[in-house]
Amino acid sequence: MGTEPPPPPSRSTSRIPGFYRRPPDQRLTALKDCDAIGADELEVYASTGLSLEHANIMVENVIATFALPNAVAVNFRINGVDRLVPMVVEEPSVVAAVSNMARLAREAGGFTAEADASVMIGQVQVIDLPDPDAAEARLRAAIPELMALGAGVHPRLEERGGGLRGIEVRRCVYEEPGVPREIMLVVHLLLDCVDAMGANMVNTMAERLAPTIERISGGTVGLRILSNLADRRLARA
């Protein structure tokens, strides 16, 4: 007698007992049965992934494609909602360990988590200032003008709920032994990048506003780039 297939999981649950014992096609069916994926997603996951033909038009000098296992961590409950977590990893035991820890945490109510808005910081450095005080005052007064200018830089981002959220002006002093003391201003551009990491969008915003910042300040714009400090975009769990 053959082994009977396991019963389907209940709807909208991440608790799928024996998930790891099933072959890949039955795992996909189980995910569809619990409404984790729809028919379109099922077709995508069942496909072989990126074709060599498509890869060849994405980058230069293509010779092959590179694949990794696409797994699912089960048992998660986050903020009271069951979640199945896709994981692309190559190291054995990672998915099993994550799923096991999620099962243990589930018994105590699961995880709670929160995240800030996806605000990244672009920095525009202004140097060679004849009168730093006056330049700082002019830039602060021009924040509405700069905000209006920045509003049209990424229209599609704004359609998705993101965009320029604020502008700050900082005074910095460069001091080093043997080097003349220099006062510079740094204009912070606070951009909500929504689901994107945002480096290119932030840099584009900084480049677009830099000439106006230079004109208003009366100085010279130096650096204009994404800041590595992402303290406006924190996640807590």
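Observations
- The stretch 100-122, subset open to solvent by 40 Å² or more (accessible area, probe 1.4 Å) and in a strand (DSSP E or B), residue farthest from residue 189 (Cα to Cα): 111
- Within the stretch 167-203, considering residues that are acidic (Asp, Glu) and not in a loop (DSSP other than H, G, I, E, B), the one surrounded by the fewest Cβ atoms within 10 Å (Cβ to Cβ): 176
Condition check ((1) part of a loop (DSSP other than H, G, I, E, B); (2) open to solvent by 40 Å² or more (accessible area, probe 1.4 Å); (3) farther than 30 Å from residue 157 by Cβ) across all residues:
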| residue | (1), (2), (3) |
| --- | --- |
| 27 | no, yes, yes |
| 40 | no, yes, no |
| 45 | no, yes, no |
| 61 | yes, yes, yes |
| 95 | no, no, yes |
| 124 | no, no, no |
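- Scanning the stretch 82-93 for residues that are within 21 Å of residue 31 (Cα to Cα), open to solvent by 40 Å² or more (accessible area, probe 1.4 Å) and of a type in the set (D, E, K, R) gives a single hit, 83.
- For the condition at pLDDT below 90 and within 30 Å of residue 104 (Cβ to Cβ), residue 12 qualifies.
- A Cβ distance below 9 Å, combined with a sequence gap of six or more or placement on separate chains, defines the contacts here; from the stretch 34-56, residues that are β-branched (Val, Ile, Thr) reach residues that are assigned to a helix (DSSP H, G or I) in the pairs 37/28; 37/31; 37/44; 37/45.
- Selection of the stretch 204-220 for residues being surrounded by 20 or more Cβ atoms within 10 Å (Cβ to Cβ) and hydroxyl-bearing (Ser, Thr, Tyr) yields only 217.
- Scanning the stretch 126-162 for residues that are assigned to a helix (DSSP H, G or I), surrounded by 13 or more Cβ atoms within 10 Å (Cβ to Cβ) and under 28 Å from the mean Cα position of the chain (by Cα) gives 143, 146, 147, 149, 150, 157, 158.
The values are calculated or read from the model by the stated rules, or taken from the named source; none is laboratory data. These figures come from a predicted structure and were not determined experimentally. Cβ: placed from backbone, ideal geometry, glycine included. Neighbour counts: every protein chain shown. Ligands, DNA and RNA are stripped out before the accessible areas are found, and what is left, the full protein with its side chains, is counted by its heavy atoms. Shrake-Rupley method; radii C 1.70, N 1.55, O 1.52, S 1.80 Å.
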